[in-house]
Each structure stands twice: as structure tokens, then as C-alpha cells.
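For reference, the structure is listed below as C-alpha cells.
What follows draws every value from the coordinates through simple rules; no lab data is involved. Since the model is a prediction, treat every value here as computed from it, not as a measurement. Note that we place each Cβ from the backbone using ideal geometry, even for glycine, and neighbour counts take in every protein chain shown.
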């Protein structure tokens, strides 16, 4: 049990011990506000939120006193009504989808699926993300499915950009924080011939204009996508056995708002309004369940995950999970890494950081923040491909089995001292080619200090040696580190 869940459990127990006491509910509310950093604009609003909180707390307590297979807990949604929760945290738009989905034909089903599957254990699931107060679950579900199939096919788990889908894929039924379609997200990635990483195009939790430069940075691709046949739980099981699958569910219930742990069973609406990622399945005490990855942060549910009953008996599945599921198809490698970006400066400036202030880069001449300045000090590579190969005009992730940055811009050295920065930017030899950097002003406090070069030799071959600073004598060579 994580510390946050333990704290909230203790708060609930405090209320349960004396539910009729106004002082106990006040204590719980004040402790909850402190835990989640809640504050309100007026005394009137605080009184209203306290009233909503107390009603939710009473319902949570009542539920947990009964013999359900899952428990509820206070969380960041505890001062929200069900309507407010629905408006801020869901986001699947089912308009026009049923017609297209119903056209999907069933295919033959094999019976040799494993008895359990958890794609987290196979390294095909990125960490839990948080959509914030934005109806973007459709983007998180789609991205999670693409991240999963990319790991399965290429062996690389890369966290991708939900914000790109929100900004650059706007249409009649896909409207950023106002909701969207997973199918439309897949179609966008196919049409765009790839999608950027979330490190380069980070999530903002609000609608923005499409970044025309970053939308052309195509790191991961998919070839097509496929729907799971309507109401076919066995086909859905087959699909999840192969890869993580995007699914839509009805998530506006009290159980979803305050889910804590256990297997959700019972009755549920089938009016789809939220998208999740099915990352596996299993059984516990004779009850089959799906493993759902949500996008409400790690403090919701079981570190961001939920168990939802499988084999429910209803052909639609519990909360409609059998009604609308789909997954991307990927058969080959991703695009080759991008070539170095040429700086367009005519003033002889390099693409490295040229102004520092108190250990932080304040101004750049060409490269994006965290970009990598190549050995010629003219080209730059994105941080996802930090190895420059200017001769072949490529940016690489690694030479052989070693991942290392040959010549990194000073953004990476913001926490290092002057000597370490000089060591990184000193003279050296890369793949047999010698180079000498230009002197760059290095700002410490308010005053620039020129950085003198310090000899470094880096030889990149199949047997990689990294020589520490020095005159490259035999004594220095004996200090080489073999990778």
C-alpha cells in the first residue's frame, strides 16, 4: 500500500469511528485539503466543497462496510460531484463510431491463450500518466496501445506524445480536451507517418495550436489498426494476449470515481464515455478480470490501475468493455533517425548554449533545449538520438551496444561544474576524426568565463574505450574503461 493510500485510509477510519461528529468530518476535510493542496477562492465555495466532500465520504464509508469485492477511498476527486467528475475526467466521443464498428467481421478464434497475461511484466507499458482536468482519455488510450505494440515489435519502449494528438488531430469528433476518438488518433498517426515523443512534445492538459515543427518528428509509426468484433469477449481476450488494447468503457459511476483496490463487479452502465488501456488479464478467487491502465495518475486506484470483472455474463461486458475495443498494427521498424539539423545562423554562432545564468542555460542559438550539439559545432541532433554521425548525416541512439553522448550541448551540463563542462567539450577524436571546439562564454553568476579546452579522446569501435582527460600517455590509457 502506498503512503498516500494509507493516509487516506486512516482519514476514512477517523470518520468511521465517529461519523456523527461534525468535528471529525471537519478534521478529515482539512487533512485531505492539506494532502492534495486544495484551497478555495471564497468561504462560500469552501463550505460548498466541504458539503460535497462529506457526502462522498459518507457514501465511501457505506460502500466499504458492505461485502463488495472492491473498496473505495478518498482521492483528488473527493470534493467533486459526479457531474463535475464526468465533465472534467472523461473524454471518449462515441459519435458515428458504432456504424463503422458494426461493419467489422468476425474471424476465427484460437483457444491457446495463456491463462493470464500482464504486459507490464513484459516491459510493454509506460508509467501511468495523468490527463488532468482535460477530457483527453482517448489520446492516452491510443498512445498507450501504440507504445505497447512498438515495444513488442522493435524492443524499444518509448513514451509518446498525447499532446500532439490533441493539437494536430482536430476534427468533427476529435476535439482535444473536449473528447475524441481512439480510431481517429490511429488514423492521424498513420496519415502523419509517425508521432513524436512526449519528452519532445510534452503534455499540457489544454488545447493548443499544432507545433508544425514537432509534428514532423516521426519517432514511432504504425501501419494500420483493427477493431475487436462487437460483443466478442473471446476475440478481445485473444487480442490482449497479443498486445495492449485500447477500450472504451462507462466510467462515470461512483465506483470509478473513488476506486481503490479489488475487482470491480456488479452492475454498471454501458454508455461509453471514457477510454482506457487493457494491459492484461487474470483470475483471483475464481473471478476473472481485466487489468486496466487508466490516465488519472498514480494516486488513483492501484497505482493508476484497476481490475474489472471479465466473463460478466452480459454480452456487452461489464461497463461496456466488449463494445468498442481496437488496437494498432505494426509490422516493421520505425523511420530511420533524423539527420543533423543545420544551423541557419550567418554570424558564426554555434548551435550550443551561449548564455548561462546561475547554472541554467538562458539562451540558445540553434538547437532546441536538451538538443545535442554535434562535433562540428554546426549541426545538432534531438535528445532521443544523441549520437551525431555528420558524415552519413544521421543522428543515432547508440554505437554498437553502447549508448553515449559524443558531444552534448551544455544543457546537459547545467548541474556540473566548469571543469566537467570543459571535459565534455574538449578536444578529442570521434571515430578517428579530431576536432577542436570554439571557445564559448560560460556564465557563472553574472559574469562570462571562457572555457579552455581539455584533452579528451573518445574512440568508438566495437570495443569501445573512453580515455579520461590527460595527455593520452600509456599511463592514461591504463585508466581506460572498457564497455
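Computed values, structure above
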| read-out | value |
| --- | --- |
| Burial ordering of 390, 26, fewest other beta-carbon atoms within 10 Å first | 26, 390 |
| Order by protection proxy (mean Cβ within 10 Å, highest first), peptides 66-73, 127-134, 270-277 | 270-277, 127-134, 66-73 |
| Calculated FRET value between residue 113 and residue 81, using beta carbons and R₀ = 30 Å, to 0.05 | 0.15 |
| Rounded FRET efficiency, nearest 0.05, which uses the C-beta distance separating residue 206 from residue 55 and R0 of 30 Å | 0.50 |
| Percentage relative contact order, region 121-260, counting C-alpha pairs under 8 Å, at least six apart | 25 |
| Separation of alpha-carbon centers, region 164-182 and region 111-152, rounded to whole Å | 19 |
| Relative contact order for region 117-195, counting Cα pairs under 8 Å that sit 6 or more residues apart, in percent | 32 |
| Highest to lowest packing among 297-307, 135-145, scored as the average C-beta count within 10 Å | 135-145, 297-307 |
